[in-house]
Amino acid sequence: MLYFPDPDARPLYPELLMYKEKILNILRASHTEFVSGEELARKCGISRTMVWKHIKALEREGFGIEAVPSRGYRITNEPDTLRLSDIKQGLRTKVVGKEIHLYPEVASTNTLAMEMAAQGATEGAVVISEMQTGGKGRLGRKWLSPKGNLYLSVILRPDIPIYKAPLITLMGAVAVASAVRAACEVEAAIKWPNDIYLSGKKVGGLLTEMSAEQDRIRHVVLGIGLDVNMKLDALPDDIQLLTTTLAVETGKRANRTALLRQVLIQLERWYEAFLRNDADVLNEWERLNMTLGNRVAVSGHGGTLEGRAQAIDGEGRLIIKLDDGTSRTVAAGDVTILKS
Ligand code: BTN
């Protein structure tokens, strides 16, 4: 079923796409070696003119391809563009990412995923966009979404009581922090409730939206934004100071496709764990968190509280011990970690 025009989901001539991908795979496998047009034509079972046309199509996608008469073709540059076939290559998840909708630009992947979910989209369907014009953050804020990062939303249909829904965001934070650690070899941490931090700065965030009946969840959309390769000066000065990117932290451009695949793999792993026993997710959240044990200021609708972050409860709320010895439980807000 096609919900929205998706340029990658249903190519007009799938067999043409297949040859282009095959040529790309052969060229990638040969690394810096040239592959002759004749060899490409033979391996694909098409004419050399058709090979040339596919090479031109790859160039239009941003690939740098050197063509030398009597030697053939080789790739000189890979574009930093997400491609559906690359994302799916080697992705062996059963639920998350079984259906992927990839767009060059949308208002908000969360908004689109909520619409798709309302129309019956399958559990695990993922909406990805190269950029967003109306990205949404927590507490009604905007999420600036220039090119070069990751913006995705996953549709989930968990059969759990509504009061446990906030745990889905914590589960997502565990999955994203684990994926960043695995793909980029950096010590990503979680700041309550669901900010992803590196070297004391924010590198990602999660926004969960839900549709529910009286006592039943219809669907949840888990939105993830990760700052990967964008230039920090794409952000206003005040946000720049508090933000980092994976490229800045590692000193090199990150492979967004590999990172995205890892996010989908970790989401599947932690979603399964969550449905089996949510305590396992809470334990992992505690292991990856940077909030508990610190003096914090929590600002929210009811003003600001200051105290020591003690624990999270079974619904993912933060328990703070105030200086007068009493404890408060907070369900939503912004945490600043103070020097103790
Ligand atoms: C936060 O405020 O920290 C949460 C940010 C969540 C941003 C992501 S980007 C993909 C998805 N689509 C949106 O509009 N928001 C989320």
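Some notes on this structure:
- Just one of the numbered conditions (1) in a loop (DSSP other than H, G, I, E, B); (2) surrounded by 18 or more Cβ atoms within 10 Å (Cβ to Cβ); (3) modelled with pLDDT of 95 or more is not true of Pro193: (3).
- Scanning the stretch 144-157 for residues that are part of a strand (DSSP E or B) and either more than 12 Å from the ligand (Cβ to nearest atom) or of a type outside the set (Ser, Thr, Tyr) (or both) yields Leu150, Leu152, Val154, Ile155, Leu156.
- You will find that of Val186, Val228, Val281, the residue that is crowded, with 21+ Cβ neighbours inside 10 Å and assigned to a loop (DSSP other than H, G, I, E, B) is Val228 and no other.
- Flag for His101 being over 16 Å from the mean Cα position of the chain (by Cα) and buried (at least 17 other Cβ atoms within 10 Å of the Cβ): no
- Screening Ser211 against (1) under 16 Å from the mean Cα position of the chain (by Cα); (2) in a strand (DSSP E or B); (3) of a type in the set (S, T, N, Q) leaves a single unmet condition, (1).
- Pick from the stretch 131-143, criterion in contact (Cβ under 8 Å) with a residue 24 or more places away in the chain and either buried (at least 22 other Cβ atoms within 10 Å of the Cβ) or part of a strand (DSSP E or B) (or both), ranking: farthest from the ligand (Cβ to nearest atom): Gln132
A quick yes/no check of all residues on (1) under 22 Å from Ile239 (Cβ atoms); (2) touching an Asp or Glu at 6+ places or on another chain (Cβ under 7 Å); (3) not small (Gly, Ala, Ser):
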| residue | (1), (2), (3) |
| --- | --- |
| Thr133 | yes, yes, yes |
| Gly137 | yes, no, no |
| Lys147 | yes, yes, yes |
| Leu152 | yes, no, yes |
| Tyr163 | no, yes, yes |
| Ser178 | no, no, no |
| Ala183 | no, no, no |
| Lys191 | yes, no, yes |
| Asn194 | yes, no, yes |
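- Among residues of the stretch 35-53 that are touching a residue at least 60 places away in the same chain (Cβ under 8 Å) and of a type in the set (D, E, K, R), none has a beta-carbon under 6 Å from a residue that is assigned to a strand (DSSP E or B) and surrounded by fewer than 17 Cβ atoms within 10 Å (Cβ to Cβ) at least six positions away or on a different chain.
Condition check ((1) polar (S, T, N, Q); (2) within 16 Å of the ligand (Cβ to nearest atom); (3) farther than 26 Å from Ala125 by Cβ) across all residues:
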{"site": "Ala234", "(1), (2), (3)": "no, yes, yes"}
{"site": "Asp238", "(1), (2), (3)": "no, yes, yes"}
{"site": "Thr257", "(1), (2), (3)": "yes, no, no"}
{"site": "Leu264", "(1), (2), (3)": "no, yes, no"}
{"site": "Ala273", "(1), (2), (3)": "no, no, no"}
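- If only residues of the stretch 209-247 that are over 30 Å from Ala118 (Cβ atoms) and among the β-branched types (Val, Ile, Thr) are counted, the one that is modelled with the lowest pLDDT is Ile239.
- Looking only at the stretch 16-46, and only at residues there that are outside any helix (DSSP H, G or I) and out of contact with any His (no Cβ under 9 Å at 6 or more places or on another chain), the one that is farthest from Tyr73 (Cα to Cα): Gly45
- Scanning the stretch 117-130 for residues that are more than 10 Å from the ligand (Cβ to nearest atom), crowded, with 22+ Cβ neighbours inside 10 Å and outside any loop (DSSP other than H, G, I, E, B) yields Ala117, Val126.
- Pair list, Cβ under 6 Å, 6 or more apart: the stretch 158-175 residue closer than 10 Å to Pro193 by Cβ, other residue crowded, with 24+ Cβ neighbours inside 10 Å and at pLDDT below 95: Thr169/Asn194; Ala173/Asn194
The values are calculated or read from the model by the stated rules, or taken from the named source; none is laboratory data. All values reported here derive from a predicted model rather than from experimental measurement. All Cβ positions, glycine included, derive from the backbone under ideal geometry; neighbour counts span all protein chains shown.
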